[in-house]
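Data block below; observations after.
Every read-out reported here was derived from the displayed coordinates using simple, explicitly stated rules and does not represent laboratory data. All figures in this text were calculated on a predicted structure; none of them were measured in a lab. No Cβ is skipped: glycine too gets one built from the backbone with ideal geometry, and neighbour counts run over all protein chains shown.
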Amino acid sequence: MLVLDRVQVNYGKSRAVTGVSFSLDRGRRLAVLGRNGVGKTTLLKSIMGVLPLAGGSIMWNGRDVSALRPHERCRLGMAYVPQGREILPGFTVRGNLELGCLAWKDKKRAGEQMERMLSYFPALRENLGRLGGLLSGGQQQQLAVARALMTSPELLLLDEPTEGIQPNVVDAIGRILKRICGETALSVVLVEQNLDFARSMTDDFIILQKGAVVCSGKTETLDPAAIKQFLSV
C-alpha cells in the first residue's frame, strides 16, 4: 500500500532523512519514534509531499507519488494532521470540518461524512458554531483529526497528536482512532513522543536516529534496551 524506498529529504542545506525504507499494508498502523530532531516530522512531511524528496521514492497503492503535490496525494487517499494542529482559529468548528470536503460536489455525501465525524467526536457537535481558536487544546486536536478524516482517507499521517493534551483527552482520542481504524481499515503513520500512546495505537514501529532507521519491528516487541539506547533523554 505505502512503500518508501531509500527516501532522502533535505531540510534547508542539511540532510534530515537518509535512506529510509519501509512498507505499510492496508489497515496497519506504524509508529515513527526517536528523539527530537532526528527527522520524524520531516519524514512525515515528505510522505505528504509538503517537502520534496532529495532521493528515493514513495509508492502509494502501486503508483509512484514522489513528485505529486500535497493536494494531489490527498485526492489519492492521504490525509495529514500536522504537529500543532493548524486549525483555522477564525473559522467555526463547522467551517473547519467543511474544508475537509470542500472539493466534493456531492453535498449529500459531504453531509453524511460530517455526521459521521460528529458521531466519532461528540465534543465537536457541542461546539459546531464556536470559533476553532476558542476551543481547548484537546478539542482543537479532535477537530484537526476530524477535519483530516473528512476527506475519507485510506492513510492518516499523525504528527504528535498527544502533544500538550491532558491524559483523559489523549485516552479519548486513542479510543476514537482505534474505533475508526477498526471500522474502515484505515492505515496510520504516527509520529509520537508518548510511548504509551504509541504502544497502544500501533502494530509496528521504526526508530530514527540522525535521519536513518536504526531499529524496527512489532510494537509489542519494543524492549527496554532499545528504549534506553534510542529514546531515553
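By how many nm would the segment from residue 99 to residue 183 grow when fully extended, if each residue of separation counts as 0.36 nm and the alpha-carbon distance is taken off? Let's see the in-between values first.
Numbers: separation 84, 0.36 × 84 = 30.24 nm, distance 2.33 nm.
Length gained between residue 99 and residue 183: 27.9 nm.
Quick check: the distance between the Cα centres of segment 24-91 and segment 163-233, to the nearest angstrom?
Here the two parts' Cα centres lie 16 Å apart.
Looking at this model, which pairs from 40/108; 45/228; 40/178 are more than 29 angstrom apart at the alpha-carbon?
Values: 40/108 38 Å; 45/228 27 Å; 40/178 22 Å.
The answer is 40/108.
Please turn the phi angles of segment 120-136 into ³J(HN,Hα) values with the Karplus equation 6.51 cos²θ - 1.76 cosθ + 1.60 (θ = phi - 60°), one per residue in order, whole Hz, x for glycine and proline.
These are the phi-based 3J(HN,Hα) values: 6, 10, x, 4, 6, 4, 6, 10, 4, x, 8, 5, x, x, 9, 6, 5 Hz.
Relative contact order of segment 29-162, please, whole-number percent, based on alpha carbon pairs below 8 angstrom and at least 6 residues apart.
Working: 157 pairs, mean separation 43.3, N = 134.
Computed value for segment 29-162: 32 percent relative contact order.
Per residue of segment 178-194, in order, report the coupling 6.51 cos²θ - 1.76 cosθ + 1.60 (Karplus, θ = phi - 60°) as ³J(HN,Hα) in whole Hz, putting x for Gly and Pro.
With the stated coefficients, segment 178-194 comes to 5, 5, 5, 4, x, 7, 10, 6, 5, 9, 9, 10, 10, 8, 7, 8, 6 Hz.
Kindly provide the helix-only [θ] at 222 nm of the chain, computed as the sum of -39,500 (n - 2.57) over DSSP H runs of four or more divided by all residues, to the nearest 500 deg cm²/dmol?
On the way: 8 runs with 78 residues, N = 233.
Taking each H run of at least 4 residues, the total per residue is -9500 deg cm²/dmol.
Of all trypsin sites (Lys or Arg not before Pro) in segment 19-54, which ones are in loop regions per DSSP and have a Cβ with at most 12 other Cβ atoms within 10 Å? Walk me through the numbers on the way to the answer.
Values: sites: 26, 28, 29, 35, 40, 45; in loops: 26, 28, 35.
In loop regions of segment 19-54 (DSSP not H, G, I, E or B), the sparsely surrounded trypsin sites (Lys or Arg not before Pro) are 26.
Kindly work out what percent of the DSSP beta bridges joining two residues of segment 78-230 are antiparallel, to the nearest 5. The partial results should precede the final answer.
On the way: 7 of 16 bridges.
Approximately 45 percent, going by the DSSP bridge assignments.
Under a crude label model (7 Å from the Cα following the beta-carbon direction), how far is residue 26 from residue 88 in nanometres?
A separation of 3.3 nm, rounded to one decimal place.
Can you give the extra length, in nm with one decimal, that the chain gains between residue 67 and residue 112 once fully stretched, where that is 0.36 nm per residue apart less the Cα-Cα distance? Each step should come with its number before you reach the end.
Working: separation 45, 0.36 × 45 = 16.20 nm, distance 3.26 nm.
Stretched fully, the residue 67-residue 112 segment lengthens by 12.9 nm.
Residues with beta-carbon under 10 Å from that of residue 58, excluding residue 58: net charge, scoring Lys, Arg +1 and Asp, Glu -1?
Details: positive: 63, 73; negative: 5, 64.
My count for the surroundings of residue 58 gives 0.
If amide H atoms are built 1.01 Å from N in the plane of the peptide, which residues on other chains or at least 5 residues away come under 5 Å of the amide H of residue 34?
When sequence neighbours closer than 5 places are left aside, the close amide H contacts are 208.
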